[in-house]
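The values are calculated or read from the model by the stated rules, or taken from the named source; none is laboratory data. All of these numbers come straight from a predicted model, not from anything done at the bench. All Cβ positions, glycine included, derive from the backbone under ideal geometry; neighbour counts span all protein chains shown.
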Amino acid sequence: MKKRRLVTSCLFLAMLASTAGYPTAAWSFLWTNTSPLDRAWHVYCLLEGSDGTIYAGTDSGLVVTDSGPFRTNDGGATWTRTSNLSGAERVYSLLQASDGHVYAGTSPNGDVFRTSDGGATWSNTSDLTGAWGVVCLLEASDGYIYAGTGPGVFRTNDGGATWSKTSDLSGAGGVNCLLEASDGYIYAGTGPNGDVFRSNDGGATWSNTSDLSGAQGVLSLLEASDGYIYAGTSAEPWTTNGNVFRTNDGGGTWTNTSDLSGVSAVHSLMEAPDGYICAATKLEEFTGIGKVLRSNDGGATWNESMLAYGPYVFSLLEASDGYLYAGTGNYGYIFRARPASGYSAAANAEASVYGDKSLKASGSFNALALLLIPSGAVAVLRALRRRR
């Protein structure tokens with residue numbers, strides 16, 4: 001008993017020392033893990049359908065026959081796999097169009113599937129010639145659905161019966177994200193040169209906006225209520241130079257908001273109902289844990305909220321149930337949290353009890369809510385629990 005107390009005390013002191021370098025999170029809420037997604041490694045995208053069902057596009061390893069997206073209608077208490085997407089290994093993008101169909105962009109064959117029955121059945125749309133991965137999907141006000149792929153941008157206005165390739169984006173190796181802004185332009189974030197292109201003629205022509213200094217890839221785009229367009233970027237491998245840029249002149253100038261310490265990539269951006277800009281990030285390769293950042297001053301400062309288990313946060317979703325969902329990598333977990341500033345008195349009361357640096361665990365450790373505890377400490381805590 002004395003040895004266990006000594007180990008626990010040393011662990012507690014080590015945890016305090018290891019979290020001292022992190023700024024205190026401004027969020028007074030807990031991240032809790034939803035139930036596991038069978039054989040999923042990465043959660044690339046999240047979508048809430050018009051009926052409240054949440055879909056998750058994942059990488060299910062090499063099990064090609066189990067490549068369908070997951071879905072839940074109980075806040076993640078249970079996830080069920082939809083039917084198979086023949087030949088697909090990964091679902092990189094999801095979109096519900098105005099006609100009610102849900103579209104899934106996949107790899108490695110660059111196929112776009114669609115369903116009208118919640119994923120009970122999926123049909124493959126026509127061929128996107130030369131595409132090997134459909135990383136993003138956008139339905140624009142011109143009635144077209146746009147697909148960002150390796151070779152460029154394709155579009156369809158007949159539900160995918162035919163796809164046509166738009167003009168080339170000079171120097172771009174792939175399109176990572178698409179955005180239709182209030183200025184009437186469609187913006188395309190690309191790699192490997194970190195360029196943002198834009199078009200106001202449906203992709204008949206694309207023009208490159210100004211330089212995002214140091215960016216290798218533009219992974220996410222967001223137009224916020226403050227009138228700025230934000231761009232989440234990645235830098236060279238093994239570096240921590242992922243940043244968030246912004247522009248209010250259509251990309252005539254891009255300004256780096258502020259240094260994001262330890263971040264190598266910003267995979268997703270969203271604006272919460274409270275006006276905060278939220279960023280899903282990846283830390284330096286194979287170090288640290290998942291991090292969601294948010295800012296209410298245009299990125300001049302960022303506060304962080306940490307997730308347990310893995311270094312990648314790929315996707316964010318603000319759902320109609322009032323929760324923020326975060327899809328992560330390496331273990332295929334989906335976390336959710338409800339901000340203390342709104343939505344539920346019960347959630348606020350819980351947040352005030354546990355605070356920003358709290359740990360709340362279920363009996364199976366399935367619902368660990370870890371904000372600022374390093375992943376090494378998690379492993380020790382789990383080992384101690386098993387030895388009791």
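Residue-wise test of (1) more than 20 Å from His101 (Cα to Cα); (2) among the β-branched types (Val, Ile, Thr); (3) at pLDDT 95 or above.
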residue	(1), (2), (3)
Tyr146	no, no, yes
Phe154	no, no, yes
Gly159	no, no, yes
Trp163	no, no, yes
Ser170	yes, no, no
Gly173	yes, no, no
Ser182	yes, no, yes
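Any idea how many residues of the range 69-78 are among the hydrophobic types (A, V, I, L, M, F, W, C) and more than 18 Å from the chain's Cα centre (by Cα)?
Our first condition is that a residue be among the hydrophobic types (A, V, I, L, M, F, W, C); within the range 69-78, this holds for 70, 77.
Now restrict to residues that are more than 18 Å from the chain's Cα centre (by Cα): 77.
The total comes to 1.
So how many residues does the range 199-223 have that are crowded, with 18+ Cβ neighbours inside 10 Å and over 26 Å from Ser164 (Cβ atoms)?
4
Report, ordered by the first and then the second residue, all pairs with beta carbons closer than 7 Å, sequence separation of six or more or different chains, a first member in the range 312-333 that is on the phi > 0 side of the Ramachandran plot, and a second member that is surrounded by fewer than 17 Cβ atoms within 10 Å (Cβ to Cβ) and small (Gly, Ala, Ser).
Gly322/Ser344
Looking only at the range 221-239, count how many residues are under 18 Å from the mean Cα position of the chain (by Cα) and not in a strand (DSSP E or B).
Initially, the range 221-239 is screened for residues under 18 Å from the mean Cα position of the chain (by Cα), giving 221-224, 229-235.
Filter once more, so that each one left must be not in a strand (DSSP E or B): 224, 235.
Final tally of qualifying residues: 2.
Select from the range 226-284 the residues that are within 21 Å of Glu318 (Cβ to Cβ) and acidic (Asp, Glu) and list them in ascending order.
Passing the criteria: Asp226, Glu271, Asp274.
Any idea how many residues of the range 266-282 are in a strand (DSSP E or B) and of a type in the set (D, E, K, R)?
Of the residues in the range 266-282, the ones in a strand (DSSP E or B) are 266-271, 277-282.
Adding the requirement that they be of a type in the set (D, E, K, R) leaves 271, 282.
Here the count works out to 2.
State whether one or more residues within the range 254-268 are within 17 Å of the chain's Cα centre (by Cα) and among the aromatic types (Phe, Trp, Tyr).
No: zero hits.
Name the residue, out of Gly75, Gly49, that is modelled with pLDDT of 85 or more, out of contact with any Asp or Glu (no Cβ under 8 Å at 6 or more places or on another chain) and of a type outside the set (Phe, Trp, Tyr). First the steps, then the outcome.
Details: Gly75 fails: out of contact with any Asp or Glu (no Cβ under 8 Å at 6 or more places or on another chain).
Selected residue: Gly49, the only one of Gly75, Gly49 that is modelled with pLDDT of 85 or more, out of contact with any Asp or Glu (no Cβ under 8 Å at 6 or more places or on another chain) and of a type outside the set (Phe, Trp, Tyr).
Among the residues of the range 254-265, which ones are part of a strand (DSSP E or B) and modelled with pLDDT of 95 or more? Even if it seems obvious, please write down each step before you answer.
Initially, the range 254-265 is screened for residues part of a strand (DSSP E or B), giving 255-256, 263-265.
Passing the criteria: Thr255, Asn256.
In the range 199-208, which residues are of a type in the set (A, V, I, L, M) and assigned to a strand (DSSP E or B)?
Step one: list which residues in the range 199-208 are of a type in the set (A, V, I, L, M), which gives 204.
Answer for the range 199-208, where residues must be of a type in the set (A, V, I, L, M) and assigned to a strand (DSSP E or B): there is none.
Do you know which residues across the range 315-327 are outside any loop (DSSP other than H, G, I, E, B), out of contact with any Asp or Glu (no Cβ under 7 Å at 6 or more places or on another chain) and farther than 11 Å from Ser268 by Cα?
Glu318, Tyr325
Looking only at residues that are among the β-branched types (Val, Ile, Thr) and in a strand (DSSP E or B) in the range 141-198, which one is surrounded by the fewest Cβ atoms within 10 Å (Cβ to Cβ)?
Thr156
Taking the range 240-253, which residues are more than 18 Å from the chain's Cα centre (by Cα) and assigned to a strand (DSSP E or B)?
Arg246, Thr247
Taking the stated definitions as given, is Gly118 farther than 16 Å from Thr58 by Cα, part of a loop (DSSP other than H, G, I, E, B), out of contact with any His (no Cβ under 8 Å at 6 or more places or on another chain) and not aromatic (Phe, Trp, Tyr)?
yes
All but one of (1) farther than 30 Å from Arg338 by Cα; (2) outside any strand (DSSP E or B) hold for Gly75; which doesn't?
(1)
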